[in-house]
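K.L.:
Quick one: the structure is below, and I'll ask about it shortly.
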Amino acid sequence: MSDRDAFGNTINNPGEAMTAALPRPAAPAPRVQGSWDLWDKAAGLFMVLLFVVPLGIGGWFAYTSLHDARSHAIDVPALMHTVTPATPRATTAAPPRPAGLGLLRPAEVRRALAQHHGGVSVLRIDPLGADFVSAPGTGTIAKSTVDAHAPQRLITAAAHRLHVSRKTIDYVVLLKILGRPTWSAYFKSGAVFQADAHGRITRRIQ
């Protein structure tokens with residue numbers, strides 16, 4: 001039995017008429033196996049550069065900075081025993097005050113700096129005296145930039161953390177570490193603290 005359309009024409013196979021009326025989608029081009037996909041490679045390389053490389057560079061800088069800082073801090077006592085003072089030792093005429101700081105007090109630090117000529121390479125101060133040391137490989141610090149309050153500020157804060165008296169301080173050292181003036185406080189108990197140019201503690205070494 002044949003069907004007729006709205007105009008009375010005979011339709012032998014309705015399915016063929018409907019199929020012919022609809023356009024067939026174009027088949028996608030076949031992808032060749034193993035072909036070089038430039039966009040995929042570029043995207044992968046971009047992800048590597050975006051995440052892996054910055055992490056590697058950051059880790060390297062963190063390691064070298066920590067390694068250099070630790071090396072300077074640990075080698076300070078050995079340095080003080082091997083080098084020769086650049087100027088005669090400045091000593092206090094009177095016995096240390098009850099606070100036990102002696103030449104570590106701001107007024108005494110300023111007096112010791114005034115008696116020294118030139119910049120500061122390495123400065124070691126204990127309650128009884130101060131040594132200006134000329135050490136190869138260390139940077140020079142201008143005397144005018146040295147904070148005379150830094151030793152007392154560092155010792156007070158460190159002693160508070162240790163719950164000990166400030167009298168237990170052995171000595172403090174000023175020198176350049178990684179291009180910055182840095183104070184280190186050494187206590188008789190073996191504790192060591194590191195601080196910035198103004199005596200504010202940055203970390204405990206041991």
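K.L.:
Here is a check on your reading of the model: is P181 under 24 Å from R110 (Cβ atoms), touching a residue at least 40 places away in the same chain (Cβ under 8 Å), in contact with a Leu (Cβ under 7 Å, 6 or more places away or on another chain) and part of a strand (DSSP E or B)?
P.N.:
Details: under 24 Å from R110 (Cβ atoms): yes; touching a residue at least 40 places away in the same chain (Cβ under 8 Å): yes; in contact with a Leu (Cβ under 7 Å, 6 or more places away or on another chain): yes; part of a strand (DSSP E or B): yes.
Considered against the rule, which asks whether it is under 24 Å from R110 (Cβ atoms), touching a residue at least 40 places away in the same chain (Cβ under 8 Å), in contact with a Leu (Cβ under 7 Å, 6 or more places away or on another chain) and part of a strand (DSSP E or B), P181 comes out as yes.
K.L.:
I'm told L174 meets every condition in (1) surrounded by 16 or more Cβ atoms within 10 Å (Cβ to Cβ); (2) out of contact with any helix residue (DSSP H, G or I) (no Cβ under 8 Å at 6 or more places or on another chain); (3) assigned to a strand (DSSP E or B) except one. Can you identify the failing condition by its number?
P.N.:
Checking L174 against (1) surrounded by 16 or more Cβ atoms within 10 Å (Cβ to Cβ); (2) out of contact with any helix residue (DSSP H, G or I) (no Cβ under 8 Å at 6 or more places or on another chain); (3) assigned to a strand (DSSP E or B), the one that fails is (2).
K.L.:
Search the range 132-142 for residues being of a type outside the set (S, T, N, Q) and surrounded by fewer than 17 Cβ atoms within 10 Å (Cβ to Cβ), and hand back the single one that is modelled with the highest pLDDT.
P.N.:
Applying the filter and picking the extreme gives A142.
K.L.:
Listed residues L104, L123, L128; which is surrounded by fewer than 20 Cβ atoms within 10 Å (Cβ to Cβ), of a type in the set (A, V, I, L, M, F, W, C) and either closer than 20 Å to R166 by Cα or out of contact with any helix residue (DSSP H, G or I) (no Cβ under 7 Å at 6 or more places or on another chain) (or both)?
P.N.:
Values: L104 fails: surrounded by fewer than 20 Cβ atoms within 10 Å (Cβ to Cβ); L123 fails: surrounded by fewer than 20 Cβ atoms within 10 Å (Cβ to Cβ).
Just one listed residue meets the conditions, L128.
K.L.:
Any residue in the range 144-166 that is touching a residue at least 12 places away in the same chain (Cβ under 8 Å), surrounded by 14 or more Cβ atoms within 10 Å (Cβ to Cβ), among the charged types (D, E, K, R) and in a helix (DSSP H, G or I)?
P.N.:
Yes, there is a match, as at least one residue in the range 144-166 is touching a residue at least 12 places away in the same chain (Cβ under 8 Å), surrounded by 14 or more Cβ atoms within 10 Å (Cβ to Cβ), among the charged types (D, E, K, R) and in a helix (DSSP H, G or I).
K.L.:
Can you find, within the range 178-206, the residue that is farthest from A148 (Cα to Cα) among those that are of a type in the set (G, A, S) and buried (at least 17 other Cβ atoms within 10 Å of the Cβ)?
P.N.:
Looking at the filtered set, the residue picked out is A191.
The values are calculated or read from the model by the stated rules, or taken from the named source; none is laboratory data. Keep in mind the model is a prediction, meaning the values are calculated, not measured. With ideal geometry, Cβ positions are generated from the backbone for all residues, glycine too; neighbour counts draw on all protein chains shown.
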